[in-house]
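Report on the structure given below.
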Amino acid sequence: MLLAYACNPIEEEITIDQNAKLTFSSDTVIFDTLFSSVSSITKRLLVFNPNKNAVNISRLYLGLRNLSEYSIIVNGEESDEVKDELILGNDSLLILINVKANPQNQDLPFIVKDSIVFESNGNTEHVKLVSWGQDAIFLNGERIDCNSTWTAERPYVIYNFALVDTLCRLNVNPGTKIYIDNNASLFVKGSLRLNGTIENKIIVRNTRLDRKFDVSPGQWQGIFYLEGSFNNVIEYAVISNGTTGIRVGTPDDNTDFDLTIGNTIIEHMSVAGILAFTSDLHAYNTVVYNCGQYIVGNFLGGNYLYEHCTFSNDPPSFFNDDPSYQFSDNILLDDNSTLSADLDIKIVNSILWGNKDNEVALSVSGDRSVTVEIHDNIIRTTDVSYVELGNTISTENNFPGFYDRFLYDYQIDSLGKARDAGSYIGIDFDILGNPRDDKPDYGAYERKDSIP
């Protein structure tokens, strides 16, 4: 006689032993600050069953149930409670977690808390959920009220676009934060004045506040200054993570600066830091780095003045064979015809650096008035004509002497070649507020040695 026995594998046999507890990939799931009414990124929680037998979770649920600002997804279904969820021996369960903070009508960030509760074999275990919410002022494809002022109490979040209209002015107070969503832009036909201070800088950046997006370019389009825009100021701002930080197209019949940029950082742009066409622009104590195509691109003529600026595409984060600094009195159109305009470019006491042997390109059509004053700078190039203009050139690794370019720290080291190399031009303080002496350093930073 043959007897057949059927039995379940041990990992499928359910244990009711109270000592058979679960473990978790984290005891607390923390979200970065998010704007109220905006869904967060999705975070993952793994629930492990380290036992040889299966464990049945009789209930797993959000502590605040349907009042919770969190949501959980288990096995592809969203619910605030799941019953009888089996985890085989030495197996795991994935839980996806999101949060959408409810508005609190307050200026300061607020904490949003809950927990996921697990009940199994008489045990009750908790995983905490923690995030910070921030009420904000939202703009979605709209004109900004004419002659208005933005303040630092709450951040401003732009979806699609916001427009400063013709003959209108937007004043932005110190410490204000402006977040621009994916593919969104800030357009300026009138006047935009970012009035930051050294203590309270204005922040313009992407809406993703997770730390891993801090150095990720291309997350919003840019600030676009359109024809007719004038009397624009950017002072003590940090502009980050866009496609083009500043794009200026303000042709007019004078050479008055339509945009002045001072004591400002423009960083991590997928196309350009400063891109301008037939415009009048002045930048001083300005740092621009890590841009995909141009650190500075000035085309179709215009009037440009750069003083005590630090520009660098080193280390490179993008594959691009073209020079990072391009200046031209002309532009080639799609039909292969050429437009040109007068060009006046002056760069002094600045650093134009990168990783290519020739980082500067100047294109002149020959039929326009062109004035070039590029002197007292460090330039990454092999073109000796820049030496004849009064510049220092090199292709030596980190020749200017940046403190730590791999951490995007472009201050000057104690032995840097940019030290004491400049001429006095009347800009008495650097971007950090340090006083310059009569032999200033090239770039936006003045090196100050500690006193023993």
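The values are calculated or read from the model by the stated rules, or taken from the named source; none is laboratory data. Only a predicted model underlies this, so the values are computations on that prediction, with no experimental measurement involved. Neighbour counts run over all protein chains shown; Cβ positions are idealised from the backbone, glycine included. Surface areas here come from the heavy atoms of the whole protein model, side chains and all, with no ligands, DNA or RNA. Shrake-Rupley method; radii C 1.70, N 1.55, O 1.52, S 1.80 Å.
Being in contact (Cβ under 8 Å) with a residue 60 or more places away in the chain and open to solvent by less than 60 Å² (accessible area, probe 1.4 Å) is a description that applies to Phe31. Would you call Val55 open to solvent by less than 30 Å² (accessible area, probe 1.4 Å), closer than 30 Å to Pro155 by Cα and in contact with a Ser or Thr (Cβ under 7 Å, 6 or more places away or on another chain)? So Val55 does not fit the description; no.
Give the stretch 410-424 a look and list any residue that's open to solvent by less than 40 Å² (accessible area, probe 1.4 Å) and part of a strand (DSSP E or B), or say none. Answer for the stretch 410-424, where residues must be open to solvent by less than 40 Å² (accessible area, probe 1.4 Å) and part of a strand (DSSP E or B): Tyr410, Ile412. Can you say whether Asn285 is at positive phi and assigned to a loop (DSSP other than H, G, I, E, B), as far as the supplied structure shows? In short, no. Every condition in (1) in contact with a Cys (Cβ under 9 Å, 6 or more places away or on another chain); (2) of a type in the set (Gly, Ala, Ser); (3) on the phi > 0 side of the Ramachandran plot holds for Ser324 except the one numbered (3). Restricted to the stretch 74-167, the set of strands (runs of 3 or more DSSP E) holding at least 3 residues that are open to solvent by less than 20 Å² (accessible area, probe 1.4 Å) comprises 91-99, 110-120, 123-134, 156-164. Would you call Ser79 modelled with pLDDT of 95 or more and either under 38 Å from the mean Cα position of the chain (by Cα) or of a type outside the set (A, V, I, L, M) (or both)? Judged against the criteria, Ser79 is not a match.
Identify all residues within the stretch 324-340 that are touching a residue at least 24 places away in the same chain (Cβ under 8 Å), in a loop (DSSP other than H, G, I, E, B) and either out of contact with any Lys or Arg (no Cβ under 7 Å at 6 or more places or on another chain) or surrounded by fewer than 23 Cβ atoms within 10 Å (Cβ to Cβ) (or both); write none if there are none. Please lay out each step first, then the result.
Residues of the stretch 324-340 touching a residue at least 24 places away in the same chain (Cβ under 8 Å): 324-331, 338-340.
So of that shortlist, the ones also in a loop (DSSP other than H, G, I, E, B) come out as 324, 329.
Within the stretch 324-340, Ser324 is the sole residue that qualifies.
Among the residues of the stretch 253-281, just one is assigned to a loop (DSSP other than H, G, I, E, B) and crowded, with 23+ Cβ neighbours inside 10 Å, namely Asp258. Pairing each residue of the stretch 207-233 that is within 16 Å of Tyr159 (Cβ to Cβ) with any residue that is of a type in the set (Ser, Thr, Tyr) and open to solvent by 30 Å² or more (accessible area, probe 1.4 Å), provided the two are 6+ apart or on different chains, yields C-beta distances under 8 Å for Arg208/Ser216; Leu209/Thr33. Across the stretch 425-445, not a single residue is classified as within 27 Å of Asp321 (Cβ to Cβ), open to solvent by less than 70 Å² (accessible area, probe 1.4 Å) and either without any contact (Cβ under 8 Å) to a residue 12 or more places away in the chain or assigned to a strand (DSSP E or B) (or both). Quick check: anything in the stretch 379-394 open to solvent by less than 60 Å² (accessible area, probe 1.4 Å) and under 27 Å from the mean Cα position of the chain (by Cα)? Looking through the stretch 379-394, at least one residue is open to solvent by less than 60 Å² (accessible area, probe 1.4 Å) and under 27 Å from the mean Cα position of the chain (by Cα). Within the stretch 358-383, the set of residues being in contact (Cβ under 8 Å) with a residue 40 or more places away in the chain, part of a loop (DSSP other than H, G, I, E, B) and farther than 15 Å from Thr395 by Cα comprises Arg368, Asp376. In this structure, does Thr250 turn out to be under 18 Å from Ser312 (Cα atoms), touching a residue at least 12 places away in the same chain (Cβ under 8 Å), of a type in the set (Val, Ile, Thr) and surrounded by 23 or more Cβ atoms within 10 Å (Cβ to Cβ)? Here the answer is no, as Thr250 does not meet what is asked. Tallying residues that are farther than 30 Å from Asp114 by Cα, touching a Phe, Trp or Tyr at 6+ places or on another chain (Cβ under 6 Å) and either assigned to a loop (DSSP other than H, G, I, E, B) or in contact (Cβ under 8 Å) with a residue 40 or more places away in the chain (or both) within the stretch 168-184 yields 2. The set of residues in the stretch 308-323 that are closer than 30 Å to Lys439 by Cα, part of a loop (DSSP other than H, G, I, E, B) and polar (S, T, N, Q) contains only Asn313.
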